[in-house]
1. Which percent of the accessible area of the stretch 350-446 is formed by carbon and sulfur heavy atoms (probe 1.4 angstrom)?
2. Could you grab the relative contact order for the stretch 1-150? Cα pairs under 8 Å, six or more apart, rounded to a whole percent.
3. Return the calculated 222 nm mean residue ellipticity for the chain, to the nearest 500 deg cm²/dmol, obtained by summing -39500 (n - 2.57) across DSSP H runs with n ≥ 4 and dividing by the residue count.
4. Skip the ligands, DNA and RNA, and give the accessible area per residue of the chain with a 1.4 Å probe, whole Å².
5. Net charge near LEU139, counting Lys/Arg +1 and Asp/Glu -1 over other residues with Cβ under 14 Å of its Cβ?
6. What does the charge count around PHE367 come to, taking other residues whose C-beta lies under 13 Å from its C-beta (Lys +1, Arg +1, Asp -1, Glu -1)?
7. Taking just the alpha carbons, could you work out the radius of gyration and Dmax for the stretch 124-240, both in angstroms?
8. Taking the Cα centre of the chain as origin and charging only Cβ (+1 Lys, Arg; -1 Asp, Glu), how large is the dipole, in debye to the nearest 20?
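The values are calculated or read from the model by the stated rules, or taken from the named source; none is laboratory data. This structure is a prediction, so every number in the text was calculated from the model and none was measured. Glycine also receives a Cβ, built like all others from the backbone with ideal geometry; neighbour counts cover every protein chain displayed. Quick note on the areas: whole protein, heavy atoms, side chains included, nothing else; ligands and nucleic acids left out. Shrake-Rupley method; radii C 1.70, N 1.55, O 1.52, S 1.80 Å.
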Amino acid sequence: MTRSLFGTDGVRGRTNTYPMTAELVMRLGAAAGRYFRRDQQEHRVVIGKDTRLSGYMIENALTAGFTSTGMNVLLLGPIPTPAVGFLTHSMRADVGVMISASHNPAYDNGIKFFGPDGFKLSDEAETEIEAILSKGVTLAAPENIGRARRIDDAMGRYVEYVKTTFPNKLRLDGLRVVLDCANGAAYRAAPNVLWELGAEVIPVGVSPNGHNINSDCGSTSPEAAARKVRETRANLGICLDGDADRVIILDETGAVADGDQIMGLIASNWAREGRLAGNALVATVMSNLGLERFLNSQNIGLERTAVGDRYVVEKMRAEGFNLGGEQSGHIVMTDYATTGDGLIGALQFMRSMVETGKSASQLTQVFDPVPQILRNVHFAPGKAPLATDCVQAAIAEGEKRLGAGGRLLIRKSGTEPLIRVMGEAEDQALLDAVITSICDAVSSVS
């Protein structure tokens with residue numbers, strides 16, 4: 001059976017539109033409950049969410065689905081995605097669920113599943129859940145229906161754990177930090193962690209109202225945080241996304257450092273300390289060629305995967321690596337977390353600032369990136385632009401023009417109705433012309 005419901009990062013879509021309807025979500029919860037509840041022992045599921053208004057509806061629908069199959073539900077409330085992975089394992093749950101559409105607008109929402117080990121489910125497990133959903137779920141007997149309860153100290157447990165990833169001998173005293181939480185899941189946890197470690201925190205995006213998550217704030221819109229960094233003369237800025245599993249860093253001038261630069265810094269530090277497992281970093285095909293060249297100059301390998309932090313984690317686990325991530329800011333450190341954790345990634349960066357005494361701008365320019373362009377082209381439902389002759393011809397012509405000195409990556413987004421067109425080349429003008437030609441071809445059939 002092929003998967004149609006799950007994308008590259010769980011199930012995602014526009015609220016009250018398939019598949020993110022209360023009815024389908026309840027059935028999905030029941031299918032997942034039946035998948036994980038295979039005997040008569042007590043079974044638990046933990047459910048967290050970000051700050052979207054639709055989180056209430058989806059949380060209730062999932063609770064109904066899970067309890068209908070005899071699962072006991074533990075509700076965590078608004079909490080970062082990595083906290084769900086941590087608490088699923090910590091609380092000995094059979095499954096964890098995060099209700100979030102990550103960096104998407106507030107009108108979208110999504111569901112991510114975690115296994116009992118705290119890692120995201122495999123493609124195979126998601127395929128089995130889809131199969132159960134399509135066949136129909138056998139419900140529990142009336143006397144075996146599950147219970148639901150709220151866990152009031154979930155955020156506190158996560159805050160305390162995150163602090164343990166920062167060296168005991170170090171503090172953040174003297175660091176003025178602009179912290180943009182995207183009006184999302186980390187709006188309370190992240191400021192608490194930095195303040196308790198000694199930083200002066202200047203918060204941005206910490207007033208969620210159900211509709212403003214990721215709206216002109218967070219890792220996808222760092223302009224407000226950059227202005228605040230310059231205005232307050234902060235030492236750095238930290239921008240998280242809506243579910244806080246990704247991070248970008250702003251230096252003291254407000255300049256942006258993406259995930260590639262952060263991963264390059266951490267990989268170099270860990271290799272020097274002898275703690276980089278496999279002496280390699282795992283990143284996706286989107287990571288800049290400049291990162292690869294830098295790592296090679298440090299005698300560090302780069303292992304590439306398909307786009308999606310889950311595929312990064314799968315390769316890390318399969319081959320014993322402990323550091324990976326994505327250019328978009330997912331930083332995965334399996335010594336500390338089972339998925340990307342923006343807050344822990346930011347602490348690793350600040351550790352370097354404290355230990356070296358260097359400014360953020362000195363640490364964020366780890367390598368000179370090769371010119372890269374990434375553009376998104378929307379397409380209408382039912383369309384398949386990449387299958388058309390004119391788009392394929394434009395891609396072939398672009399590859400020919402760039403030659404061996406450049407590369408193209410054109411793919412359909414796994415979370416939105418977008419074709420992502422990415423290219424790299426030393427010749428910026430040529431690259432721009434090639435990308436524009438391909439985008440125009442995609443638009444013409446979209």
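1. The nonpolar share, carbon plus sulfur, comes to 51 percent.
2. Reported relative contact order: 32 percent.
3. -11500 deg cm²/dmol
4. Value for the chain: 40 Å² per residue.
5. Result for the neighbourhood of LEU139: +3.
6. It works out to a net charge of -3.
7. Over the stretch 124-240's Cα set, Rg and Dmax evaluate to 20.4, 62 Å.
8. Magnitude of the dipole: close to 680 debye.
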